[in-house]
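Asker: Take this structure first; my questions come after.
Here, each number is a calculation from the coordinates, and none is a lab measurement. These figures come from a predicted structure and were not determined experimentally. Heads up, the Cβs are rebuilt from the backbone with ideal geometry, glycines too, and the neighbour counts pull from every protein chain shown.
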Amino acid sequence: MKGIKKIKIVISGLFASGKTQFINTVSEIKPVTTEKKTRGEESKIKDHTTVAMDFGKIKIDDEHELYLFGTPGQARFDFMWEILGEGALGIIILVDSTDPASFHEARKIINFFQSRFPVPTVVGANKQDLPDAWSPEDVKIALDIEDDEGIPVVGVSAIDKESVKNVLLTLLDIIKKHLESK
Amino acid sequence: MALTGDLSTFNFVDIFQVIARDRKSGILMVEWKDMTVAYYVKDGELVFARPVDKVYRVYAERHFDSLLNKLRISKDKLYKTIEKFFLPRLNNREGIFSFTLGFIKYDSDVPVYIHIEELIMRASRTLTPEEIERKISDELLTFEPSADVEEKLGKAKLTPEEEKVLSLVDGEKTVGEIKRLAGIDDLTVGRALYGLLAAGFIRRKKREVKPKLSITLDLLTKIIEKIKVL
């Protein structure tokens, strides 16, 4: 019997940027998560966090499945970024638009992936539904992303299916352009 | 919409980078430990600073000229407010900021005492190694001079060390190489690169993305169609 081909997109971002929710919103299965209770400062933000990875799945056809892998956001788990980044079709980096402290960390993640896995990348400026959210345009400036860098910054609310789909479609559109230019 | 944050994690270099990039106008409020100060920004330039006892007072006056009339401050004295309420606080990270875009109406020209590029460079000279690491996170990063660097150079007085670092940025040398060639301590090089980047003197060198895509156009089209109907 022919095996199912797995296609991988990595969802990365700092602690509490909304990766697990992003995956949960579009996954056709209940996302598999590896969480633990947070401690110290982290516990003030949320009760549990991803420590290894979490993933969701979307069935494309009888032979293909699209996997959305979430990587842990904290820098101490950056070895997981490397493991999950290998072979990825593209990368979505989520930032918490209400927390500018997360912007610097997102830039580090972009640098990490761009230097090791130069694959199409999109930044999702998450939590746009909250009143203190920075606009995607301002997030882009704060992240030092130049217009010609080819990394769109898209506003998203990870609890809203249509906006999550929009981020995925933005990434897939970049990939399509790469394929068409070959 | 306001841009809010904490100076301990998003300092003046970062704030001014966002304000300067598309020449925003508005009011930057900073709640310091000892006072709250409203900083007035016109076309990306800091033009006036005013301590306030009640925040709502700031939003009670939408016209800059009439505000100055009420406060009995002439335009040629505005720089003194920046000298008094902003410059001594460049190194202070204990504050919460909120930048409200627009709101205040500037009905006439306002003199610019110190250009935002100069303020960014001055603020960058106070950065800690931990702060520098946020932007200059990798010795392999490469920067190149911005297209309008010559024009911008007239707006900030660089130190000899910053000029040296700027001269080494050529789109080829990495941060590690610049550190070795500059003959200056790493902290000063890091501060200079951070400031030059935020002020728009230099920019990240674009990386050519050549992905090895193991997927066909047909399959990708199928994925796109699937996502659309989720």
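Asker: Need at least 3 residues that are surrounded by fewer than 20 Cβ atoms within 10 Å (Cβ to Cβ) per element, so show me which helices (runs of 4 or more DSSP H) inside the stretch B:109-153 make the cut, counting only ones lying wholly within it. Before the answer, list the steps.
Answerer: On the way: elements: B:116-124, B:129-135, B:149-153.
Because the criterion is at least 3 residues that are surrounded by fewer than 20 Cβ atoms within 10 Å (Cβ to Cβ), the helices (runs of 4 or more DSSP H) in the stretch B:109-153 that meet it are B:129-135, B:149-153.
Asker: Which ones in the stretch B:29-48 are more than 16 Å from residue B:103 (Cα to Cα) and surrounded by 17 or more Cβ atoms within 10 Å (Cβ to Cβ)?
Answerer: B:30, B:36, B:37
Asker: Can you confirm whether residue B:207 is within 12 Å of another protein chain (Cβ to nearest Cβ) and not aliphatic (A, V, I, L, M)?
Answerer: yes
Asker: Do you know which residues across the stretch B:183-219 are among the hydrophobic types (A, V, I, L, M, F, W, C) and buried (at least 21 other Cβ atoms within 10 Å of the Cβ)? Lay out the reasoning, then the answer.
Answerer: Taking the stretch B:183-219 as the starting set, the residues that turn out to be among the hydrophobic types (A, V, I, L, M, F, W, C) are B:184, B:187, B:189, B:192-193, B:196-199, B:201-202, B:209, B:213, B:215, B:217, B:219.
Across the stretch B:183-219, the qualifying residues are B:189, B:192, B:193, B:196, B:197, B:198, B:199, B:201, B:202.
Asker: Further question on the same structure: Filter the stretch B:8-25 for residues that are more than 10 Å from every other protein chain (Cβ to nearest Cβ) and either of a type in the set (A, V, I, L, M) or out of contact with any helix residue (DSSP H, G or I) (no Cβ under 8 Å at 6 or more places or on another chain) (or both) and give the result.
Answerer: Hits for the stretch B:8-25 are B:13, B:23, B:25.
Asker: Looking at residue B:178, is it of a type in the set (Val, Ile, Thr), more than 14 Å from chain A (Cβ to nearest Cβ) and surrounded by 14 or more Cβ atoms within 10 Å (Cβ to Cβ)?
Answerer: When the stated conditions are applied, residue B:178 passes them.
Asker: Another question, if that's okay. Condition test on residue B:20, is it crowded, with 20+ Cβ neighbours inside 10 Å and of a type in the set (Gly, Ala, Ser)?
Answerer: For residue B:20, the condition - crowded, with 20+ Cβ neighbours inside 10 Å and of a type in the set (Gly, Ala, Ser) - is met.
Asker: To continue, here is another question. Would you check which residues across the stretch A:126-182 are within 24 Å of residue B:223 (Cβ to Cβ), more than 7 Å from chain B (Cβ to nearest Cβ) and crowded, with 22+ Cβ neighbours inside 10 Å and list them?
Answerer: Result: A:126, A:153, A:156, A:157, A:158, A:164, A:167, A:171.
Asker: Kindly establish whether residue B:193 is within 21 Å of the chain's Cα centre (by Cα), on the phi < 0 side of the Ramachandran plot and within 14 Å of another protein chain (Cβ to nearest Cβ).
Answerer: Judged against the criteria, residue B:193 is a match.
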